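In what follows, a structure is listed as structure tokens, so that the remarks can point back to it.
The values are calculated or read from the model by the stated rules, or taken from the named source; none is laboratory data. Here the structure is a predicted model, which is why all the values come from computation and not from measurement. Backbone-built Cβ (ideal geometry, glycine too); neighbour counts: all protein chains shown.
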Amino acid sequence: MADLLEKLQDVEARFREVEEALSDPKVYENPAEAQRLGKLRAELLPIVEATVTYRKILEDLRSAQELLEADEEPEIAALAKEELDHLEEEKERLERRLKVLLLPKDPNDEKNTVVEIRAGTGGGGGGPLCGRPVPHVQPICRKPRLEGGDR
């Protein structure tokens, strides 16, 4: 977790640098540089937003843990325990999301793909797909990049 927090701090620092550069009017004298910085900001923004949420959850976890340890009333302790369980699940979900967001971008992500579908190659079952390929292929193309076993 400490390693993840260090990476997130680096991303936040880079985001602040980019925002500072974008606030400088001189950067807009070079449109290519302004575009590059704008794209970089757009890439970093989801990570920074998730980081803010992650830090809030960590703080809420500490508070719930303190409440659980300090309070002797069983009703409040039960509520704190329930909140603690919920926050742990949320923390794990956010950690997974942040790890995916921190993965290096593939340079081919921005490029389009051409898919050629031909009947009669690769065995049976290709003919019906060629007749109406869009309904068969669209669901595959719409899946997020890192979901599924072989993606």
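Within the range 59-79, the presence of a residue that is of a type in the set (K, R) and in contact (Cβ under 8 Å) with a residue 24 or more places away in the chain is excluded.
Beta carbons closer than 8 Å, at least 6 apart along the sequence or on distinct chains, pair a first residue in the range 96-116 that is surrounded by 10 or more Cβ atoms within 10 Å (Cβ to Cβ) with a second that is of a type in the set (S, T, Y) and outside any loop (DSSP other than H, G, I, E, B) for L98/T51; L98/Y54. Does any residue of the range 62-75 turn out to be under 30 Å from R41 (Cα atoms), assigned to a helix (DSSP H, G or I) and among the charged types (D, E, K, R)? No, the range 62-75 contains no residue that is under 30 Å from R41 (Cα atoms), assigned to a helix (DSSP H, G or I) and among the charged types (D, E, K, R). When you look at V137, is it surrounded by 10 or more Cβ atoms within 10 Å (Cβ to Cβ), modelled with pLDDT of 65 or more and not assigned by TED's automatic domain parsing to the domain that holds A64, yes or no? Yes: the conditions hold for V137.
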